[in-house]
1. Choose one answer from 237, 286, 167: the residue with the largest mean-square fluctuation in a GNM of the chain with alpha-carbon springs under 10 Å.
2. Please list the equivalent ellipsoid semi-axes of the chain, computed as the square roots of five times the alpha-carbon gyration tensor eigenvalues, in descending order and whole angstrom.
3. Give me Rg over Rh for region 47-86, both radii from the alpha carbons and Rh done the Kirkwood way, two decimal places.
4. Which residue fluctuates most in the GNM of the chain (Cα springs below 10 Å): 181, 38, 228?
5. May I have the pair-distance distribution P(r) for region 208-273, computed from all Cα-Cα distances with 5 Å bins from 0 and rounded to whole percent?
6. Hey, could you grab the Kirkwood Rh for region 150-242? Inverse mean 1/r over distinct alpha carbon pairs, Å, one decimal.
7. Please state the shape class of region 178-219: rounded when a/c is under 1.5, otherwise prolate if a/b exceeds b/c and oblate if not, all from the C-alpha gyration tensor.
8. Extension gain residue 201-residue 272, at 0.36 nm per residue separation less the Cα-Cα distance, in nm?
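The numbers here are math on the coordinates, done by the rules we state, and not lab data. These figures come from a predicted structure and were not determined experimentally. Every residue, glycine as well, gets a Cβ built from its backbone with ideal geometry; the counts of neighbours run over all protein chains shown.
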């Protein structure tokens, strides 16, 4: 794969996941959070499973570790992630949510050290984790007067979504499933969609059929299901094999830029200077936590 194609796929991944934040906001106009997630992954699972059955030699996960990884994908990556993310975006903008979500690489490093015992965090590493939390605090701007305010509640919910994804990625590594990642992810989408439908009904959410939705919401669902779910995961796992976890994690810092610009253009959402500063502080925290990996990458480059 050429470097130009790799860069194009990396950018496409950032656009798909960055665009998902305003798309969720459009969907929430007519759908409650759980049903929005369920419809998203109905479509995502349909497309992903169709691709898997058409291309994979063995499209069905069979081993206990594979089935465990499917459960992790369905319950953490889909259900917990999407439910808390969508509920969070009821209270805050997609741009702010995407910045909170960019804590994923820092949280993943933290869970890897504490749960798997791989690597270690020295004082500067802990300072990096603290900077990440500080960056999110700058975005949320909590105070004793507004701890229960919409932005603070939204940031807290999105933070739980980021924790679910980070924890899920570490548990998946611990399970060490032998099958390819894409079939497991496709089945995880299907499992997550079923669970989200059940939770939506149990929560008493209205259950409008897709035929009752406006064209704008249908377009947002199509984007979320096809591009932000099925296509994005296919690109992600393909690039993961080529680039490795360090470089692919850098997409977490493309996503907020795309989400913030899209929110400003499509939804006229304001971008405050403190929001930008908060994002830069999160990036600085990531650089401290992963400074050794950054140093190794730079040494391996030929300029």
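1. For the chain, modelled as a Gaussian network with Cα springs under 10 Å, the answer is 237.
2. Each semi-axis is the square root of five times an eigenvalue, giving 28, 26, 19 Å.
3. Answer for region 47-86: 1.08.
4. The residue with the greatest mean-square fluctuation here is 181.
5. 4, 14, 14, 20, 17, 14, 11, 5, 1
6. Mean inverse Cα-Cα distance, inverted, gives 16.0 Å.
7. Oblate, since a/c reaches 1.5 and b/c is not below a/b.
8. Contour length minus the Cα-Cα distance gives 21.8 nm.
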